[in-house]
Amino acid sequence: METRQNLLMILVQIGVGSASGMVLAIVGYFLTNNLFLNSIVSNRVQNGFWVGLFTLIAFLSTYSLSVVGVAYGIKQVANRFGQDCNLKHAWQGSFLGPPALAVLVMTTQLNWQTLTESFGDGSLFSWVILIVQPVAQFSSFPVFVLLKIGVPVELMYSLSVPIGGIIGYRFNWHRSSAALDSTSDGFFKTE
C-alpha cells in the first residue's frame, strides 16, 4: 500500500508542480516581457548589448519564478501526504532538471565517431571518449527511447522541472545531523 501511496504522491507532485510553475511562468512572462521589455526597454534602449542583457534578465526572472512555483507545489503536496520536503533541495533539483535533460538529449544526438576522429587516433582524448561513450549512452538510453517513440522534447523539458525537484528533495545529498553527531570526535564542537 505504501508503494501505491508514494506513486500517487509523485504523480500529484508532478501535476501540481507543473501547474503552479506554469502559472508563475505566465505571470513572470507577462511582467518581464510585456511590461518590462516591451514598454520600458524597447522605447528607451537601442544598444544591442543592453537589449540582450535585459532580455537575459527577463528570461532568468521568468525561469526563476517557474522553478519557485514548481518547488512550492512539490512541497505542498509532500506536506499533504505527511512527508517533510526540504525546499532548498527541491529548488536545486528544479533548477538542474532542464540542464540535465539538455545534456541527455545532446548525448543521444552526438556523433561519437566524428568526435573521436577529431582528436586523432591514439590520442589521450580519443581514449577518454572511448571510455565515456558507453556510460553516456547507457545513462541517456531512456531519453533516446522517448525520442524514438515520438515524445515531444518540449513535453520532456516541461516535466523535467518537477521531476528534478522531486529527485532533488528525495535524494539524500547530506548526512543527517544525528549521523554527524554520532561520528563527531568533539574537535569542532562549540558549546
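Here are some notes:
- Structure-based [θ]222 nm, the chain - -39500 (n - 2.57) summed over DSSP H runs of at least 4, per residue, nearest 500: -25000 deg cm²/dmol
- Kyte-Doolittle mean at least 1.0 and Cα axial length at least 30 Å: DSSP H helices in the chain: 2-29, 48-80
- Under 15 Å from the Leu87 label point (7 Å along Cα→beta-carbon), backbone N, the range 25-65: 65
- Neighbour-count order for Trp50, Trp91, fewest beta carbons within 10 angstrom listed first: Trp50, Trp91
- Most fluctuating residue given options Ser139, Ser118, Ser64, as computed from a GNM of the chain linking Cα atoms under 10 Å: Ser118
- When the chain is treated as a Gaussian network with alpha carbon springs shorter than 10 Å, the biggest mean-square fluctuation among Thr62, Thr114, Thr32 belongs to Thr114.
- Around Gly165: net Lys/Arg minus Asp/Glu count, Cβ-Cβ under 15 Å: +2
- Centroid-to-centroid separation of the range 115-172 and the range 35-80 [C-alpha atoms, Å]: 28 Å
- The simple Förster model, with R0 at 30 Å and r as the Cβ-Cβ distance, assigns Ala19 and Phe171 a FRET efficiency of 0.80.
- Placing unit charges on the Cβ atoms only, positive for Lys and Arg and negative for Asp and Glu, gives the chain a dipole magnitude near 480 debye about its Cα centre.
- Semi-axes of the equivalent ellipsoid for the chain, Cα gyration tensor, largest first, Å: 31, 31, 21
- The chain: most fluctuating residue of Ala102, Ala71, Ala136 per GNM, C-alpha cutoff 10 Å: Ala136
Any read-out appearing in this document is the output of simple, stated calculations on the displayed coordinates, not a laboratory observation. Note that the structure is a prediction, hence the values are computed from the model and not measured. Cβ: placed from backbone, ideal geometry, glycine included. Neighbour counts: every protein chain shown.
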